Amino acid sequence: MVQDTEISYDVIVVGGGNAAMCAALAARESGRRVLLIEKASPEDRGGNCPYTGGGFRFTHNGAKDLEPLLADPSTLHRLGEAVGPYTAQDYRADMLSRTAGLTDPDLLRALISRSYDTVLWMAQKGIRFELSGSAQAAALTPGTRVGVSAVGSGPGLINMHYDAARRHGVDVVYRTKMLELIRNPQGAVTGLVVEDPDGVQRLRAGGVVLACGGFEANPQMRGDHLGGHWTRAKVRGSRHNTGDGHRAAMAIGAGAAGQWDGCHGSPIDLHAPDTGSPDSVDRLPRRSYHYGVMLNLMGQRFVDEGSDLPLNNFVIMGDAILQQPEGTAFQVFDAKTQELLEPRYGSAAAVTAGSVPELAQRLGLNPQAVEDTISQFNDSVQEGTFNPAALDGKSTAGLTPPKSNWAQTIDAPPFSAYRVTGAITYTFGGLKINPGAQVLDTHGAPIPGLYAAGEIVGGFFYHDSLRASGLMHGSVFGRIAGANAARP
Ligand SMILES: Cc1cc2nc3c(=O)[nH]c(=O)nc-3n(C[C@H](O)[C@H](O)[C@H](O)COP(=O)(O)OP(=O)(O)OC[C@H]3O[C@@H](n4cnc5c(N)ncnc54)[C@H](O)[C@@H]3O)c2cc1C
């Protein structure tokens, strides 16, 4: 039974990750009463946010803009003039090059123009930043454009957010799941139905911000939208992001936006947990496939392992592996490349053997089929200079599928194999919003009282995403959503 309660807030924020926290902090700035409801317990709060490196991408004019963001500016002083600007044009070009030019132009403009201002605002709210690790190294090259990461990466970010929320007077409840949105006869959202340990109840709100993530942890929605093979994907992040906000908003007429059949994913160790575990998330991806070949359970290759640098194609590889029988594959290497594998391959024991048929046997594959595949592959490898660090053009000829770069014969024992599957990081399709973070209906009109931010929003990413801009767009539009939802 649904209970009517007297609980009433000016703004209710649904979700407990980065976007939700920015919305709640922004809504509190106007002195309004703000409640944040988090589906998870305190131990696993924060959605996908704790699984990230906590990096933010924003425009800046070099060292003088980065300085006020940093907990310890002395790191920047050491880099000095090496830090170049990151302009709006850079940001726009980088995003559009990753998303086939499809990012919603209005949302992109707002993201870029509000990005610096928003990280500065976060720093003022108590989020402490440092130069990103890779940026520090890269900044030794003059002209490098660097970004920042939260101190303590994703877990640090979420803890600082909850501390800031407490200091700024945001009420937070855990284990509270939004089920439905409530509208008045005029169609405005005036509250929501939630389920908490005491049961199901209605809460009243002047404005509601949906910041409750994507649908990556919902196998049925993955199958419906991404394709049947995605039902068996591992989930790299939170088990709580099950598309509740997508469904609740669309049930009252919200419009969809973005690439609903697209997601971010990765090859991952077959024995990775079914949903994310913060202590193992970085150790389990398997992205050195370009140095070897990948075989399915029939002992056959199925993809061009060398089509591009892994940074540019590991999302595609996760999808390709999931499409194979049982959604699994073996990454096979020989002694020539074993040393080149990412150190995180050390988190699993390789299956090794002194010959290809023996390796096949140990993997439970048909030795003849594997031997045929490897010898055809070896016969097709062309002359050229192998360069592990760049597209080297050393390819196969007359082979289907080809290997376009890093094609070396697999003939130096010992041979090793790692069993992998595909994992989903987050989904791309979501609700349609305008630059004011208002949720639009299927006719493009704002639904009064309803706002959205973060991964639940569609229109930013298509086919791929741009590093460190997921958190950034959640912050920019979370802040906008919170401020607008708080308007009387
Ligand atoms: C392994 C991994 C690495 C990543 N790396 C990066 C990176 O380096 N840089 C980057 O920018 N992005 C990265 N991302 C993406 C990033 O995590 C997301 O962009 C970001 O966390 C989205 O923030 P959000 O607040 O929208 O959602 P989330 O942080 O996922 O938060 C969603 C919240 O909603 C809650 N919730 C869900 N349903 C309900 C409900 N019905 N009622 C109440 N609460 C609900 C969840 O419990 C959670 O607290 C990564 C993601 C993963 C999984």
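Details
- In region 446-456, the residues that are farther than 11 Å from ALA254 by Cβ and hydrophobic (A, V, I, L, M, F, W, C): ALA453
- In the set (1) under 30 Å from the mean Cα position of the chain (by Cα); (2) in a strand (DSSP E or B); (3) of a type in the set (A, V, I, L, M, F, W, C), VAL200 fails one condition alone, (1).
- Residue match in region 306-314 (condition: of a type in the set (A, V, I, L, M), out of contact with any Cys (no Cβ under 9 Å at 6 or more places or on another chain) and surrounded by 21 or more Cβ atoms within 10 Å (Cβ to Cβ)): no
- Residue satisfying condition, being surrounded by fewer than 17 Cβ atoms within 10 Å (Cβ to Cβ) and hydrophobic (A, V, I, L, M, F, W, C), within set ALA188, ALA164: ALA188
- Applying the set (1) modelled with pLDDT of 95 or more; (2) within 16 Å of ALA233 (Cα to Cα); (3) surrounded by fewer than 22 Cβ atoms within 10 Å (Cβ to Cβ) to MET317 leaves exactly one unmet item: (3).
- In region 225-260, of all residues being of a type in the set (S, T, N, Q) and away from the ligand (no atom under 12 Å from the Cβ), the one that is surrounded by the fewest Cβ atoms within 10 Å (Cβ to Cβ) corresponds to THR231.
- Scanning region 377-399 for residues that are more than 23 Å from ALA350 (Cβ to Cβ), surrounded by 15 or more Cβ atoms within 10 Å (Cβ to Cβ) and either among the aromatic types (Phe, Trp, Tyr) or over 35 Å from the mean Cα position of the chain (by Cα) (or both) yields one hit, SER380.
- Enumeration of residues in region 441-464 that are near the ligand (Cβ under 8 Å from one of its atoms) and closer than 20 Å to TYR116 by Cβ: ALA453, GLY454
- Unmet requirement for ASN405, which otherwise passes all of (1) farther than 29 Å from GLY227 by Cβ; (2) of a type in the set (S, T, N, Q); (3) more than 16 Å from the ligand (Cβ to nearest atom): (1)
- In region 77-89, the condition of being of a type in the set (A, V, I, L, M) and within 16 Å of the ligand (Cβ to nearest atom) is met by no residue.
- Residue that is within 15 Å of the ligand (Cβ to nearest atom) and either more than 26 Å from ASN405 (Cβ to Cβ) or of a type outside the set (A, V, I, L, M, F, W, C) (or both), where the choices are VAL281, VAL315: VAL281
- Filter result (over 20 Å from the mean Cα position of the chain (by Cα) and at pLDDT 55 or above) within region 132-145: ARG145
- Test: ASP65 is away from the ligand (no atom under 16 Å from the Cβ) and under 27 Å from the mean Cα position of the chain (by Cα): yes
The values are calculated or read from the model by the stated rules, or taken from the named source; none is laboratory data. All figures in this text were calculated on a predicted structure; none of them were measured in a lab. Because the Cβ atoms are built from the backbone with ideal geometry, glycine has one as well, and the counts that use them run over all protein chains shown.
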